[in-house]
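A quick write-up on the structure given underneath.
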Amino acid sequence: MFDHVTIRAADLEASVRFYETVLGAIGLEPTHRSDRLVEWDDFSVAPANAERPPTTNLHIGFSVPSPEVADAFWRAGTAAGYRDDGAPGPRPVYGPDYYGAFLRDPDDNSAEAVPHGSLRTGGNIDHLWIRVADVAAAKRFYETIAPYGGLRLDADTEERAQFRGSSGSFSVVAGRPTEHAHLAFPGGDDATVDAFHRAAVQAGYGDNGAPGERPQYHPGYYAAFVLDPDGNNVEVVNHHRR
């Protein structure tokens, strides 16, 4: 579903240490590392700065193959001194067979390991929960960009709107808003990137970067960026990779 999700950390070293600890326990190792980014395929951590403050109040669910692996995620985190946000076990409020284990990262984001019968395809992220000031306003934004990011509206209540893609999901949920998250969705071609940006800007949403190539990421990286109603940075990208 996601091309990538990036969080900004107040202390990059501390945040990377947390994610190396808990993701390493479920078999995930960094796929890229530099002084400005550490990446685990579709999830990455970058340093915050004055222009790009730390990401806060985001919930990230990582897909694991079994409850035993979710247990290992939680044990590794709590043994290293990280804050428990919910011990491993069933969560029937989310579904009859739902099982999760929850921790808090150094910037107080919620990280979860959640098992399914098989791993999600195309990445490590199972789902996101993005807290928002106004669910209806956030839903309108994501409905506007849905055709260009491969999204469809699924669950829809006053307190929560859930969007699904080909694999995984994200929800906008009433509460203290998530701040400074970056979500990128894959675009099949440059025209899709252009149409995403045009539709969002014409609907009155904030432009955060016009369509164009970003060679600082890699040759052929063609993307556009807009802001959702809570100020999170949303991107559609075409990598021009075969």
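Key figures
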read-out: Residue in region 217-242 that is least open to solvent (accessible area, probe 1.4 Å), counting only those that are polar (S, T, N, Q) and within 15 Å of residue 52 (Cβ to Cβ); value: 232
read-out: Residue, nearest to residue 64 (Cα to Cα), within region 89-106, restricted to residues that are surrounded by 22 or more Cβ atoms within 10 Å (Cβ to Cβ) and of a type outside the set (A, V, I, L, M); value: 100
read-out: Residue match in region 6-14 (condition: over 19 Å from residue 125 (Cα atoms), of a type in the set (A, V, I, L, M), at pLDDT 95 or above and part of a loop (DSSP other than H, G, I, E, B)); value: yes
read-out: Any chance residue 141 is open to solvent by less than 60 Å² (accessible area, probe 1.4 Å), among the aromatic types (Phe, Trp, Tyr), closer than 21 Å to residue 4 by Cα and not in a strand (DSSP E or B); value: yes
read-out: Matching option when the condition is touching a helix residue (DSSP H, G or I) at 6+ places or on another chain (Cβ under 6 Å) and open to solvent by less than 50 Å² (accessible area, probe 1.4 Å), among 115, 177; value: 115
read-out: Of residues in region 34-53 being under 16 Å from the mean Cα position of the chain (by Cα) and in contact (Cβ under 8 Å) with a residue 40 or more places away in the chain, the one most open to solvent (accessible area, probe 1.4 Å); value: 41
read-out: Residues located in region 64-83, provided they are in contact with a Pro (Cβ under 8 Å, 6 or more places away or on another chain), small (Gly, Ala, Ser) and surrounded by fewer than 22 Cβ atoms within 10 Å (Cβ to Cβ); value: 66
read-out: Strands (runs of 3 or more DSSP E) fully within region 18-116 counting 3 or more residues that are at pLDDT 95 or above and within 22 Å of residue 175 (Cβ to Cβ); value: 58-64, 83-90, 99-104, 110-115
read-out: From 31, 6, 56, 21, residue being out of contact with any Lys or Arg (no Cβ under 8 Å at 6 or more places or on another chain) and open to solvent by less than 30 Å² (accessible area, probe 1.4 Å); value: 6
read-out: Test: residue in region 114-125 that is closer than 24 Å to residue 68 by Cβ and of a type in the set (Lys, Arg); value: yes
read-out: Residue list for region 129-138, filter: assigned to a helix (DSSP H, G or I) and over 17 Å from the mean Cα position of the chain (by Cα); value: 135, 136, 137
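The values are calculated or read from the model by the stated rules, or taken from the named source; none is laboratory data. Since this is a predicted model, take the numbers as computed values, not measurements. Methodologically, a virtual Cβ is constructed for each residue, glycine included, from the backbone with ideal geometry; neighbour enumeration extends over all protein chains shown. To get the accessible areas, we keep the full protein, side chains included, count just its heavy atoms, and leave off ligands, DNA and RNA. Shrake-Rupley method; radii C 1.70, N 1.55, O 1.52, S 1.80 Å.
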